[in-house]
Amino acid sequence: MQAAGLSKVVPLNETSANGTPGADELVILQDISLKVMPGEAVAIVGASGSGKSTLLGLLAGLDTPSSGQVRLDGADLFGLDEDGRAALRARLLGFVFQSFQLLPALNALENVMLPLELAGEAAAANRAAKMLERVGLAERLRHYPKTLSGGEQQRVALARAFVTQPKLLLADEPTGNLDAATGAGVIDLMFELNAERGTTLLLVTHDEAIASRCGRKIRLAGGRIDGEA
Amino acid sequence: MLRLALRMLLRDWRAGELRVLALALVLAVGGVASVAFFADRVRQALTREAHQVLGADMLMTADHAWAPEFRDEIVRRGLQRAESMNFVSMVRAGNETLLAAVKAVTPGYPLRGRLRIAPGLNLPDADTDAVPPRGTVWLDERMMAALKVRPGDAIELGRARFRAGAVLTLEPDRGVSFMNFAPRLMMQLDDLPATRLVQPGSRISYQLLAAGEREGIRQLEQWTRARLGRGERVDSLDNARPEVRAGLDRAQSFLGLTAMLAVVLSAVAIALGTRRYTQRHLDGYAVMRCLGAAQSQLFALFAWEFLLLALAASFAGCALGFVVQNLVAWWLAALIPGTLPPPGPAPVLQGAATGLVLLLGFALPPLLQLKEVPALRVIRRDVGPPRQAALAVYIVGLAAVFGLLLWQAGELKLASYVFGGFAAAFGIFAAIGYGALQLIGRLGRTGSISWRYGLANLLRRPRANAVQIVAIAVGLTAVLLLTLIRGDLLDAWRGRLPPDAPDRFLVNIQPEQRQTLAEFLERNGVKRLQTFPMVRARLVAINGKPVGAEDYSDERARRQIEREFNLTYLSELPSENKITEGAWFGPEDLEHGAVSVEHWIAERFGIRPGDALEFLSAGRSFSAPVTSVRKLDWDSMRPNFFFITTPALLEDFPASYVASFRAPAGDALLTLRLSQAFPNLTVIDVSVILRQVQMVMDQLIGAVQLVFLFALGAGVLVLYAALLATQDERTHEAAVMRALGASRAQVLAAQRAEFAVLGAIAGLLGSLGATAIGWTLATRVFQLDFIWNGWIWLAGPALGLACIVLNAWAGARAALSRPPMAALREVI
Ligand SMILES: Nc1ncnc2c1ncn2[C@@H]1O[C@H](COP(=O)(O)OP(=O)(O)OP(=O)(O)O)[C@@H](O)[C@H]1O
Ligand SMILES: [Mg+2]
């Protein structure tokens, strides 16, 4: 995966949406370029508000940049239309939102089954149940998101991202709500995937321990890449 | 507290939280206010319009000249006055003479409605505000033709000579009465003395006409009634022609029911709006609790916020209502001649009160519920207000709606019916909707992923889906009722006067004339001649107890009992009659003799099936038991009889015959030839009245249709609110599915299955509801024949689907046209 010259600029208030650039605009990301090789594990760190979530969204094609390019598995992400990007996501990507984004009308199992069902997978229920078991939620299959704790919801979101066995997994603070032991278990799971199937990992995290388990660490500050280790 | 509430209101407004609710309120208040404004004004205008049939708002008739005190009183009260004198006299023109019904009028006559005149026979006619100029008389078509005069020719009446002026084509107040069988001559009252026709002992009817604002007329009527002497009477609309009265009643019922429909629909829209608002505010509430706010403090805060909202929205709604009704009144000016009376302040109050009561009725219960929301909700999202309380508190809202209905209907029975009807409809809709969801959700285990996923989704939120089904079904019921069924109802109403309704009546046909008369009419192209025998008899005793005027306090009953009734005998029930009590003559009755009594007479004289009636005719008396009570169709324009007996009973009493028929179009002289061939016959020509009834009815219907538009708006609003309730959820769902890699087609397909079922169920329920209400209205309220409409069963589901597809499209579009991140950011 390769990103070149990614920038994200948003108007500060509605009235300046089509006004002159400059004064009334907020530059969230500026000229980000990075390259991630298949099978790599990359941590993205930085202060709150430095643009980590925005960058991750752009890399997954969930958001569109003001300028710049992202190439994913050889395809130009923003050369495609929304449907094209969605198809690419279905084929390659798993994404864990910082705010989970579970569907409230579906129970845990159904939430996890959803991407499989969308891909027309036959044994969806089985695979989803297994994945939930692996994140320690075997007992909560039929529970609805609003009855689950924050950490449990986060694990459902993780299971939903893992269940399709994506080539590229993007996770926005996947352990933010978890205790040390559970968090470690989840991280182990991700690195297992990384090792077993060569899944590329891109994690946003504040946890130095997790960051140091990744091969690379990219630091964001004020919307720019501030350094790489 | 107030300032904080105001600030919260502004914040919520800015964040777009209140827009739905505010819109629902503004439209509800605006709708109710304009219906009230409008109904109020139309009612006034219609009443005035209907007064055309009197030619005045109040008509006083006497068999002698009115004392000056009566005439002066009208002017003294600042009302308009006109006078007329009616009598029958011979008229001569050249060698021709003819008996004419003369009407001498003062300028200004008629005070309501207008005369129409034409410059010559068979020339187009036009309205006029004038009366015949001095020295001139206006003749109707029959008279012009019979006397063979043209405008300008000389006419002799009594000792005076006149010039024939215009052809009088329409008199708004020309009713069916035996005075009118003769052709009309109209002249100015001041010309009358010159004819020397007014002599002591001449049979003249003196009329005083008054018109003016409602209150003045009411007081004048009171004043006059208290001073009436022998041979004097007052006619107001209540005892004017029954067919117009019936039309007016029907129009007023239509208006009242429409306004009630608007109230109920507004209530539903507001209930949906508050539901959405409180759902979205549960979190904020819990957070504020965490921040240390006391329950009572929060309650007061929200209550104030809602009160401010209700006031602002009511104000805007009333303003909207006022503007709209002015527009409508302006448009209606063409439809209803004369200016509409100005609106009173009542509609504004009614609109504002409606807004306040509805919002508080529906918002307070959820707010009270919010009080119960534990701070824990911030941490555990499933902790909501206690469930069982939900139903209990909605009773407040329902009570509010019932109160408004009661106010609108003005009577407990009607309000209870409407309320009960809607409550039942809601219950049935909910039950059927919920059941159907369960059934389809369980059956739909096959098919494509998207299809299965969508159907399974139906069961995942059965409660919310059932609510949506009910709301959409109610909205559709209103829309279908006000479009398809409305047309059918109005057609049924219009259809009361078939185009071939008889327009001529023949009275006093002698038995031996029947055959030759029938042949004569057939030669002249008359079809559908109907003849009835007629025996005149007085009702002398009920159940052996003699009856007389002194037994009744009702003025009309007294008048009636002193006169002879026209009885007929038949073995078959006339088609326009409906039995309301008892049964029509059976073989037994036909053998022994029985009577069927008209409903209104039965009520007035306290006659019930089983009573024995004794009549006196030509010195002979006969008696028979009452076996049935009938309702007549006063609109039918056919000879109607208060009493019908079995043939055996009356056959050997001296009878004359009455007949009705439809004159062939374009034969203006038929009546004349008829009276020449059968001089003893009385010919009553009601074609002019028919034409006029039709005109009044068309105007009534036009006005009623306009009021429908507002209720229709409320119905559409309900649909909108119902759809909006789930829009956010749809958007979120679509965005998450997109993030998970679902294609546009997949997102749409998954929702399509769900929506197809929801829309079809709601649509079918809507069709069912509209048909049921239409049927009830037609048969129970308006006594019309219900016309079954097949289209409705297609239109309902089609509209239901269209609504939901639109909703799905709007919900999904937010997620489909933009990057998922943008959509997600918006709904969270
Ligand atoms: N659509 C938008 N409109 C306005 N501001 C935005 C928008 N999206 C992001 N921002 C702003 O851009 C900045 C970066 O946001 P982002 O969510 O990427 O931060 P982050 O690094 O993930 O922070 P955190 O660690 O707190 O999650 C923030 O200041 C945020 O307010
Ligand atoms: Mg973030």
**Asked** Is it true that some residue in segment B:633-644 is at pLDDT 85 or above, surrounded by fewer than 16 Cβ atoms within 10 Å (Cβ to Cβ) and in the same structural domain as B:Ala537 (by TED's automatic domain parsing)?
**Response** no
**Request:** Looking only at segment A:164-188, count how many residues are away from chain B (no Cβ under 14 Å) and closer than 22 Å to A:Leu116 by Cα.
**Result:** 2
**Message:** Suppose we filter B:Glu603, B:Glu588, B:Glu614 for residues that are within 18 Å of B:Val535 (Cβ to Cβ) and either outside any strand (DSSP E or B) or not aliphatic (A, V, I, L, M) (or both); which single one remains?
**Reply:** B:Glu614
**Item:** Selection from segment A:195-229 of residues that are outside any loop (DSSP other than H, G, I, E, B) and among the β-branched types (Val, Ile, Thr)
**Value:** A:Thr200, A:Val204, A:Ile210, A:Ile218, A:Ile225
**Complete:** Sole miss for B:Val88 among (1) within 22 Å of B:Leu197 (Cβ to Cβ); (2) surrounded by 20 or more Cβ atoms within 10 Å (Cβ to Cβ); (3) aliphatic (A, V, I, L, M) is condition (2)
**Complete:** Selection over segment B:737-774 where residues are of a type in the set (D, E, K, R), within 46 Å of the chain's Cα centre (by Cα) and either surrounded by fewer than 21 Cβ atoms within 10 Å (Cβ to Cβ) or modelled with pLDDT of 85 or more (or both) yields a count of 1
**Prompt:** When segment B:349-365 is examined, which residues are found to be touching a Ser or Thr at 6+ places or on another chain (Cβ under 6 Å) and either within 16 Å of B:His281 (Cα to Cα) or in the same structural domain as B:Ala714 (by TED's automatic domain parsing) (or both)?
**Reply:** B:Phe362, B:Ala363
**Asked** What are the pairs, 6+ residues apart or on separate chains, where a residue within segment A:37-61 that is over 17 Å from A:Lys217 (Cβ atoms) has its Cβ under 6 Å from a residue that is more than 9 Å from ligand 1 (Cβ to nearest atom) and of a type outside the set (Gly, Ala, Ser)?
**Response** A:Pro38/A:Thr200; A:Leu58/A:Leu6; A:Leu58/A:Pro65; A:Ala60/A:Leu93; A:Ala60/A:Phe95; A:Ala60/A:Leu170; A:Gly61/A:Leu77; A:Gly61/A:Arg85
**Message:** With the structure loaded, tell me whether B:Arg445 is buried (at least 18 other Cβ atoms within 10 Å of the Cβ), more than 28 Å from the chain's Cα centre (by Cα) and modelled with pLDDT under 80 or whether it fails that test.
**Reply:** no
**Cβ pairs under 8 Å, 6+ apart, first in segment B:1-29 and surrounded by 13 or more Cβ atoms within 10 Å (Cβ to Cβ), second among the β-branched types (Val, Ile, Thr) and at pLDDT 75 or above** = B:Leu21/B:Ile270; B:Leu21/B:Thr274; B:Ala24/B:Ile270; B:Leu25/B:Ile270; B:Ala28/B:Ile270; B:Ala28/B:Thr354; B:Val29/B:Thr354
**Item:** When residues of segment B:716-752 are limited to those that are assigned to a helix (DSSP H, G or I) and among the polar types (S, T, N, Q), the one farthest from the other protein chains (Cβ to nearest Cβ)
**Value:** B:Gln727
**Asked** From the residues in segment A:37-72 that are within 14 Å of chain B (Cβ to nearest Cβ) and under 14 Å from A:Thr200 (Cβ atoms), which one is nearest to ligand 2 (Cβ to nearest atom)?
**Response** A:Leu56
**Fill in**
Of A:Ala129, A:Ala181, the only residue that is surrounded by fewer than 17 Cβ atoms within 10 Å (Cβ to Cβ), more than 16 Å from ligand 2 (Cβ to nearest atom) and farther than 30 Å from A:Arg71 by Cβ is A:Ala181
**Asked** Which condition breaks for A:Glu173 when tested against (1) within 16 Å of ligand 2 (Cβ to nearest atom); (2) over 14 Å from A:Lys52 (Cβ atoms)?
**Response** (2)
**Prompt:** Given the conditions (1) touching a helix residue (DSSP H, G or I) at 6+ places or on another chain (Cβ under 9 Å); (2) within 16 Å of ligand 1 (Cβ to nearest atom), and given that A:His206 satisfies all but one, which numbered condition is not satisfied?
**Reply:** (1)
**Fill in**
Note on segment B:38-74: residues among the basic types (Lys, Arg) and modelled with pLDDT of 75 or more are B:Arg71
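The values are calculated or read from the model by the stated rules, or taken from the named source; none is laboratory data. This structure is a prediction, so every number in the text was calculated from the model and none was measured. FYI the Cβ positions are ideal-geometry reconstructions off the backbone, even for glycines, and counts take in every protein chain you see.
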